[in-house]
Amino acid sequence: MTSEKFKGVKLNIDPGTLRVASNNAEQEEAMDELDIDYGGESIEIGFNVTYLIDVLQNMQQDMVKLELSDSNSSALFTVPDDANFKYVVMPMRI
């Protein structure tokens, strides 16, 4: 759903649920929901989808750990079984 001009994707993280949403200039929208292991406060954060795809393409595991402090701070992606893998992604305003 993203375009060359706008590559933003919004993550809504709630206890037990991750919602990934995007829209484009043509008013088209897409949303997907995943079950996650999370019990903290709700967070809404935006990212450039290209950077998220880069992270996931460089991982071989099914489980990913995402550490966030708030919606304005960088996100740290790690792999639970590999202490050496760390990938930092800065958020964007959507």
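Descriptive notes on the structure:
- Listed values (i) 86, 12, 7; (ii) 19, 14, 14; (iii) 22, 16, 13, entry calculated as semi-axes √(5λ) of the Cα gyration tensor in Å: (iii)
- The chain: calculated mean residue ellipticity at 222 nm from DSSP helix runs of at least 4, using -39500 (n - 2.57): -2500 deg cm²/dmol
- Here the 3J(HN,Hα) profile of the range 32-47, calculated from phi with Karplus coefficients 6.51, -1.76 and 1.60 at θ = phi - 60°, is 10, 10, 10, 7, 9, 9, 8, x, x, 6, 5, 9, 10, 9, x, 9 Hz, Gly and Pro shown as x.
- Remark: the range 55-65, residue by residue, has Karplus-estimated 3J(HN,Hα) of 4, 5, 6, 8, 10, 10, 9, 7, 9, 10, 10 Hz, where x stands for each Gly or Pro and the curve is 6.51 cos²θ - 1.76 cosθ + 1.60 at θ = phi - 60°.
- Built amide H within the under 5 Å cut-off of Y38, gap 5+: G16
- Gain upon complete extension [M92, S73; 0.36 nm per residue less C-alpha separation]: 5.9 nm
- Charge dipole magnitude, Cβ of K and R +1, D and E -1 - the range 8-89, Cα centre, debye nearest 20: 280 debye
- For the range 76-93, backbone phi angles converted through the Karplus equation (6.51, -1.76, 1.60; θ = phi - 60°) give residue-by-residue couplings of 10, 9, 9, 10, x, 9, 9, 5, 8, 8, 9, 9, 9, 10, 7, x, 9, 7 Hz, Gly and Pro being listed as x.
- Centroid-to-centroid, using Cα positions, the range 1-65 and the range 66-81 are 13 Å apart.
- Subtracting the Cα-Cα distance of I36 and L56 from 0.36 nm times their residue separation leaves 5.6 nm of extension gain.
We did not get these values from a lab; they are worked out from the coordinates using the rules stated. Since we're looking at a predicted model, the values are computed, not measured. A quick note on method: Cβ atoms are made from the backbone with ideal geometry, for glycine too, and the neighbour counts reach across all protein chains shown.
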